[in-house]
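Have a look at the structure below, then the notes.
Derivation of every value follows stated rules applied to the coordinates shown; laboratory data play no part. Bear in mind the structure is a predicted one, so any value in this text is a computation, not a measurement. Glycine gets a Cβ as well: all are built from the backbone with ideal geometry, and neighbour counts include every protein chain shown.
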Amino acid sequence: MTNALEVFPATLEQRLAELAAARECLLAEISDGVDAKPASGWSASQVAYHVHLTEKSITAGLSKTLSDGKKEERRSDEYLKAEWEGIAERVPSRQNKIVAPESLQPIDAPALNNSVNLLKESSVALADFVKSTTLDDLASISIPHPIHKEMLISGLGWLSLIARHDLRQVKQSQA
């Protein structure tokens, strides 16, 4: 793994680098042109489409939360680091099987090249959103996890969750 995935991202630029490093790993794994569906799991096009849907949903949620003015007290740097460490430890792990919410399941995923293009588009949209806000803004909002609703994740935590979700998908496609 690259350094961007191993060191706590204290700035927005570092969060974007974390996202880019994880996305590079995912695209390298799924962009080989092979789109066969394994006996269990998703095909490469389904993985790309699922990640696209997830990223698009998170970007929309973060944007809406900020535009609705739902800011809270800014999370401390210590809190943000502990949150990042927890996400980095738990999300890529395949020990806990998580079924994607229905809205994020890759039903009718387009062909691999189209799914990858959608994924690249949602990645650009997320990066544009992040560049339009501040670290303090993202550290001052939280959104509950769609499955573990009691788990509130900061805006910055969601960025790291997207990166770690990419790495989880890499592990699943290698299994």
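Thinking of the chain as a set of Cα atoms, what percent of all their pairs are more than 28 Å apart?
19
Net length available on complete extension from Arg94 to Ala20 is 24.5 nm, with 0.36 nm assigned per residue and the Cα-Cα distance removed.
Ignoring aspartates and glutamates fewer than eight residues from Lys71 along the same chain, the ones with Cα atoms less than 17 angstrom from its Cα are Asp136, Asp137.
If R0 is taken as 45 Å, the Cβ-Cβ distance between Glu78 and Ser40 corresponds to a FRET efficiency of 0.65. Between Glu13 and Val124, the simple label model (points 7 Å from Cα in the Cβ direction) yields a spacing of 2.3 nm. The orientation-averaged shadow of the Cα convex hull for the stretch 76-155, equal to a quarter of the hull surface, comes to 6.8 nm². What do you get for the angle between helix 44-67 and the principal long axis of the chain? Use alpha-carbon atoms, 0 to 90 degrees, nearest ten. Rounded to the nearest ten degrees, it is 20.
Between Ser132 and Asn3, what length in nm is gained on full extension when 0.36 nm per residue of separation is reduced by their alpha carbon distance?
43.9 nm
Straight Cα distances below 18 angstrom link Lys97 to the lysines Lys149, Lys171, with same-chain residues fewer than 8 positions distant left out.
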